[in-house]
1. Which residues, taken from region 138-162, are modelled with pLDDT of 90 or more, within 16 Å of ligand 2 (Cβ to nearest atom), in a loop (DSSP other than H, G, I, E, B) and of a type outside the set (Ser, Thr, Tyr)?
2. Can we say Glu192 is in contact with a helix residue (DSSP H, G or I) (Cβ under 8 Å, 6 or more places away or on another chain), within 25 Å of Gly297 (Cα to Cα), assigned to a helix (DSSP H, G or I) and of a type outside the set (Phe, Trp, Tyr)?
3. With the requirement that a residue be surrounded by 13 or more Cβ atoms within 10 Å (Cβ to Cβ) and either free of Cβ contacts under 8 Å to residues at least 40 places away in the same chain or part of a strand (DSSP E or B) (or both), what does region 75-107 give you?
4. Kindly list, by first and then second residue, each pair from a residue in region 191-205 that is away from ligand 1 (no atom under 14 Å from the Cβ) to a residue that is of a type in the set (Val, Ile, Thr), limited to pairs with Cβ atoms under 6 Å and residues at least 6 apart or on different chains.
5. How many residues does region 18-54 contain that are closer than 13 Å to Arg208 by Cβ and away from ligand 1 (no atom under 13 Å from the Cβ)?
6. Any chance you could count how many residues in region 56-84 are within 12 Å of Lys45 (Cβ to Cβ) and hydroxyl-bearing (Ser, Thr, Tyr)?
7. When you go through Pro165, Pro254 one by one, which is the residue that is within 28 Å of Thr120 (Cβ to Cβ) and exposed (fewer than 15 other Cβ atoms within 10 Å of the Cβ)?
8. What pairs come out if I take residues in region 19-43 that are of a type in the set (S, T, N, Q) and pair them with residues that are more than 8 Å from ligand 1 (Cβ to nearest atom) and part of a strand (DSSP E or B) whose C-beta lies under 6 Å away, six or more apart or interchain?
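The values are calculated or read from the model by the stated rules, or taken from the named source; none is laboratory data. Not measured: the values here are computed from a predicted model. Cβ: placed from backbone, ideal geometry, glycine included. Neighbour counts: every protein chain shown.
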Amino acid sequence: MIELQALTKRFGPFTAVDDLSLSVGRGEVLGFLGPNGAGKSTTMKMITGFLPPTSGRIQVCGHDVGTHPREAQAALGYLPEGAPLYPDMTPAALLRFCGEARGLRGQALRSAVDRAIERTELQGVTAQRIETLSKGFKRRVGLAQAILHDPEVLVLDEPTDGLDPNQKAQVRALIREMSGDKVIVLSTHILEEVEAVCSRATVMAEGRLRFDGTPAELRQRSRFFRSIELHLEGSPEGAQAALAGLEGVESVEPLEGSAGRSAFRVFPRDKRALLPEVTALAHARGWSTEHVFVDPGRLDDVFRVLTRDGAREERPGTTFEQMSSEAPAQEEATR
Ligand SMILES: Nc1ncnc2c1ncn2[C@@H]1O[C@H](COP(=O)(O)OP(=O)(O)OP(=O)(O)O)[C@@H](O)[C@H]1O
Ligand SMILES: [Mg+2]
């Protein structure tokens, strides 16, 4: 339903989006992650026809955005970055206005406006001028405007930015609820949000795609994925060497233990599950285990590796080990 072919955007000599190709199908919720300036908003502006690409092609529901922008735009709803709204209108008036611009009239318009207000929980502020609303409420008016005509394609630029925790949860639930029969593309800086709502995660940096996969696959790229944190009472003799000698162990790092305790992080080879071996060893040696924790992998760690300057583009055959071997040694220290 969204098809990007070799999409490129240059601003003068600067390339903001660099040869991006991507297709997104019905039912998918695709999350764009990436550092500030990666090109996420620029890509979304091009998908929505707000900004023309320098080269490349975009299709939305089969309509070429370059040659048939009206048809493409009719099929999509867009929440731009920031909250560009008419400040002296009320949410109710703005939504009516947008609905009319979308071609809705009479009862269809009234019920679309009511439904959007209800779904974004704007009931308490419908008659208040937008300029007097708080940041989160402005964002919610923007979201109500995007979903007003129940479009097949939703492009949401940081939809939960500025929302309180209750509203974040509410908007995520709304996105999940709407996702079944639509395609939703959103950007976010909240790594956990991708896991909470997205079926697919992409990471962009310097205008290029560095990762495209499921949120679980993204987490599995972490060097901590399936590593085991083991906290022992006392300091058993030779514990580190014994752990390092286990079948399937890549390396063991001592961690700072609290007083009278020792702690280790055990990294598996080939991301294999090591918990049975580690607990069996602890049992056999009579170690008193205070705490064992299998690390599910850390999104912030993967994000750093993927978006570091000069990190290579994701290609089949490029393993995480190859990528992480280029990582600076202070990765652990900065954690
Ligand atoms: N109109 C413009 N003229 C010149 N440069 C621009 C223009 N619009 C965007 N850029 C540049 O393009 C790059 C990508 O910007 P973009 O807004 O797409 O980043 P982003 O990934 O959305 O970042 P953020 O996480 O901060 O929202 C930035 O370096 C930005 O300064
Ligand atoms: Mg942006």
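1. Correct list: Glu158, Pro159, Asp161.
2. Values: in contact with a helix residue (DSSP H, G or I) (Cβ under 8 Å, 6 or more places away or on another chain): yes; within 25 Å of Gly297 (Cα to Cα): yes; assigned to a helix (DSSP H, G or I): yes; of a type outside the set (Phe, Trp, Tyr): yes.
Against the criterion (in contact with a helix residue (DSSP H, G or I) (Cβ under 8 Å, 6 or more places away or on another chain), within 25 Å of Gly297 (Cα to Cα), assigned to a helix (DSSP H, G or I) and of a type outside the set (Phe, Trp, Tyr)), Glu192 qualifies.
3. Scanning region 75-107 gives Leu76, Gly77, Tyr78, Leu79, Gly82, Ala92, Ala93, Arg96, Phe97.
4. Val197/Val29; Val197/Ile175; Cys198/Val29; Ser199/Val29; Ala201/Val194
5. 3
6. Adding up the residues that qualify gives 1.
7. One residue alone meets the criteria, Pro165.
8. Note: pairs meeting the criteria are Ser21/Leu4; Ser21/Gln5; Ser21/Ala6; Ser23/Glu3.
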